[in-house]
Amino acid sequence: MQGKSKNDLIIRVGGEGGEGVISVGDFITQACARAGLDVYTFKTFPAEIKGGYAMYQLRASTEAVYNQGDIFDVLCVFNGEAYEMNKARLKPGHALVYDCPGDFTPDIPEGVHAYPIPMTQTAKDLNNVRAKNMVAMGALSVLFNIPEASLREVLTAKFARKGDAVVQGNITAFERGLELARALKKTDPWAIGTPKKDPDRDVIVMSGNNAIGLGAMIAGLEFFSAYPITPATEVAIYVAKHLPKRGGTLIQAEDEIASISQVLGASYAGKKAMTSTSGPGLALMGEMIGMAFMSETPCVVVDVQRGGPSTGMPTKHEQSDLFLAVHGGHGDCGRIVLSVENVQDCVALTVTAFNLAEKYQCPVILLSDGSLAFSTQSSPYPDPASFTIVNRERWDGKGEYNRYKLTESGISPMVDPGTPGGMHIATGLEHSEKGTPSYAGENHEIMQAKRFNKLKTVVNDVPLTEVDGEGDADIGIITWGGTIGVVREAVQRLRAEGIKVKGFYPKLLHPLPVEQFEDFGKGCKRILLPEVNFLGQLAHFVRAETSLRPESYTICGGLPFTPEMIVKRVKEMLA
Ligand code: COA
């Protein structure tokens, strides 16, 4: 399978939404992580609660993994639709586990190792149709060496809230799956690998959305307001679980306009505040993001991107809100835009987002995406003490207070409401240093310069770009967001073949770190810029703001790139 190591196993489970595909994937992921493997998962499901094709792909490796991988080694299908969706990718050497008798009879390609398992029938015989997925999980455990004891533990823990009868019924189905697979003769080479023992290994397995919530807690979040929207809702669910215990406040607002307005109010009152949303919600927040910039009010807005425009493809992956994040709003309106690569970044860059918002007193938009939102990955356990936390500069109480005092850095100390001597007018209107509304043209020019100039030093604050590789390159690959992990692996594979490639991974997308882009470009003959949107949004900004002329490689089919796609495109460019 593309020469990949047998210690790097990819299992794809497909079935109908409601059949428990996601649970099987989650349980196996947890069991593999407990066994000490690095895991990276990808799931996709329909917008409907029941029905439609649901898929879970998990990659478990003895080495570090940066993405969901190319194609599965093992395919497990619960129904005919899932088989149809995947059969073109079944190649000699792959393993296929399928429901038999089921609603389909697969025409199994030659060389594929097929294992028929009576999933539906066994669940019916046990009078527990819901447990079809646990029969399948039992079979997968035996066939691919996924630790049975861990699976039992995870199953018991996850279904405990549904009652003892549900747990017991599922354990019985799981055990039937084990027996059914033991009766089969294994002919394929696939099994999860044995990791090297690492006594210092301290990892956590969580989704991008949960990691953003955790990052916000570490940063010192005090107020959160959001309106639920796929695929961002789990950020709010995480925060709802943890923020009140820490004395913070969470509101489910009536819409996104209300949520960002509440966030600005809380921040004005001196609290660290955040909202989370997806593209349609960010569009609604446009006016208040302008208010945050004009009134110099710190706030963090998380945008978990999804397929658009309009209601688009809400459960599908896309990186297509960059234009909106950078320029959404009216008038000349500044902000900082960061973008995360993986779960580890979801923690660290959320803290950075708060730090930058507090320091520069402006809106910071943190871009994640639908693939990262639900992707679970193993990442180093984040130690809260290892993060630097920045708080806004507050007035020292000396002399006369001017809220928008013109300073060398452009940053003016804030006051919390009620501070003696700190009274001022807070308004979205243009204003003087005191905060008094002013429509004088000269004043507007001075104040716009103040608000924009202070953002010029953002690029020096934290290392928000990364160069992957040394020396000159025939092809340099620039990319952003979740596509970075895919490019990292493609770059490794290409270099292993002796091809001169380098990667450039910006996490600060606005203001664009122009100098770093230029430096990277100097050492590259040609530049490729893959991104998951139709228009080539980052490529547009790179062409507009730097001297580089990247060649766009865009897809927007609801799925992320695979490393193989990048490898192939680079070779085509060189041919
Ligand atoms: N016994 C008992 N319960 C079981 C079970 C079993 N053997 N297997 C799964 N379940 C439960 C799960 O615990 C889960 O319950 P919960 O909702 O209480 O957590 C539920 O059945 C769904 O199973 P799960 O494995 O999580 O998902 P699935 O593979 O069946 O797919 C979804 C269903 C998740 C795709 C679908 O229900 C869904 O939510 N779609 C998204 C809808 C959406 O977001 N729409 C908004 C668009 S704007």
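No lab work stands behind these numbers, since they all come straight from the coordinates. The shown structure was predicted, so the numbers you read here are calculated from the model rather than taken from an experiment. Ideal geometry is used to build each Cβ from the backbone, glycine not excepted, and the neighbour counts take in all protein chains shown.
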Q | With Cα atoms, 0 to 90° folded angle of helix 233-242 axis to the chain main axis | A | 80 degrees
Q | Total formal charge among the other residues, if their Cβ is under 11 angstrom from that of Ile446, Lys/Arg +1 and Asp/Glu -1 | A | -2
Q: Calculate, in nm to one decimal, what Ala496 and Asp255 gain on full extension: separation in residues at 0.36 nm each, minus their alpha carbon distance.
A: 81.7 nm
Q: Can you tell me the relative contact order of the range 491-571? Whole percent, Cα pairs under 8 Å, sequence separation 6 or more.
A: 27 percent
Q | Cα-based equivalent ellipsoid of the range 465-575: semi-axis lengths in Å, sorted from largest, via gyration tensor | A | 19, 17, 12
Q: Compute the FRET efficiency between His327 and Arg549 as 1/(1 + (r/R0)^6), taking r as their Cβ-Cβ distance and R0 = 35 Å, and round to the nearest 0.05.
A: 0.95
Q: Estimate the FRET efficiency between Leu574 and Glu466 by the formula 1/(1 + (r/R0)^6), using the beta-carbon distance for r and 25 Å for R0, to the nearest 0.05.
A: 0.60
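In whole percent, what relative contact order does the chain give with Cα contacts below 8 Å and a gap of six or more residues?
The normalised contact order for the chain reaches 12 percent.
Suppose the chain between Ala449 and Leu535 were pulled fully straight at 0.36 nm per residue; how much longer would it get relative to their current alpha carbon spacing? The partial results should precede the final answer.
Values: separation 86, 0.36 × 86 = 30.96 nm, distance 3.09 nm.
Value of the extension gain: 27.9 nm.
Please identify the trypsin sites (Lys or Arg not before Pro) of the range 6-113 that satisfy two criteria: DSSP loop assignment and at most 10 other Cβ atoms within 10 Å. Which are they?
Within the range 6-113, the qualifying trypsin sites (Lys or Arg not before Pro) (loop, at most 10 other Cβ atoms within 10 Å) are Lys50.
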Q. Based on the alpha-carbon gyration tensor of the range 103-155 and its eigenvalue square roots a ≥ b ≥ c, which shape applies: rounded if a/c is under 1.5, prolate if not and a/b is larger than b/c, or oblate?
A. oblate
Q. Simple spin-label model, 7 Å along Cα-to-Cβ: Lys398 to Arg201 in nm?
A. 5.5 nm
Q | q = 0.11, 0.13, 0.23 Å⁻¹, the range 409-517: log10 I(q)/I(0) [Debye, one scatterer per Cα] | A | -0.59, -0.68, -1.20
Q | Neighbour-limited loop hits for GluC sites (Glu not before Pro), the range 50-155 (at most 13 other Cβ within 10 Å; DSSP other than H, G, I, E, B) | A | Glu63, Glu110
(Q) Can you compute the equivalent ellipsoid semi-axes for the range 132-239, i.e. the square root of 5 times each eigenvalue of the Cα gyration tensor, sorted largest first and rounded to whole Å? (A) 35, 20, 13
Q: May I ask you to list the GluC sites (Glu not before Pro) in the range 186-295 that are in a DSSP loop and have at most 12 other Cβ atoms within 10 Å of their Cβ?
A: Glu254
Q. Between Glu110 and Asp383, what is the label-to-label distance in nm when each label sits 7 Å out along the Cα-to-Cβ direction?
A. 5.8 nm
Q.
Going through the cross-link list Lys500/Lys522; Lys271/Lys454; Lys245/Lys272; Lys272/Lys434; Lys91/Lys186, which pairs have a Cα-Cα distance over 20 Å in this structure?
A. Lys271/Lys454; Lys272/Lys434
Q | Gain in span if fully extended, Ile49 to Gln168, counting 0.36 nm per residue against the direct Cα distance | A | 40.3 nm
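Kirkwood hydrodynamic radius (Cα pairs, Å) of the chain?
25.3 Å
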Q) Around Ala283, with a cut-off of 11 angstrom between Cβ atoms, what is the net charge of the other residues, counting Lys and Arg +1 and Asp and Glu -1? A) -4
Q. Given +1 on the Cβ of Lys and Arg, -1 on the Cβ of Asp and Glu, and no further charges, what dipole in debye does the range 154-304 carry about its Cα centre, rounded to the nearest 20?
A. 860 debye
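For the range 64-151, just say rounded, prolate or oblate: build the C-alpha gyration tensor, square-root its eigenvalues into a ≥ b ≥ c, call rounded for a/c under 1.5, and beyond that prolate if a/b exceeds b/c, oblate if not. Mind showing how you got there, number by number?
On the way: a/c = 1.95, a/b = 1.20, b/c = 1.63.
In terms of gyration-tensor shape, oblate.
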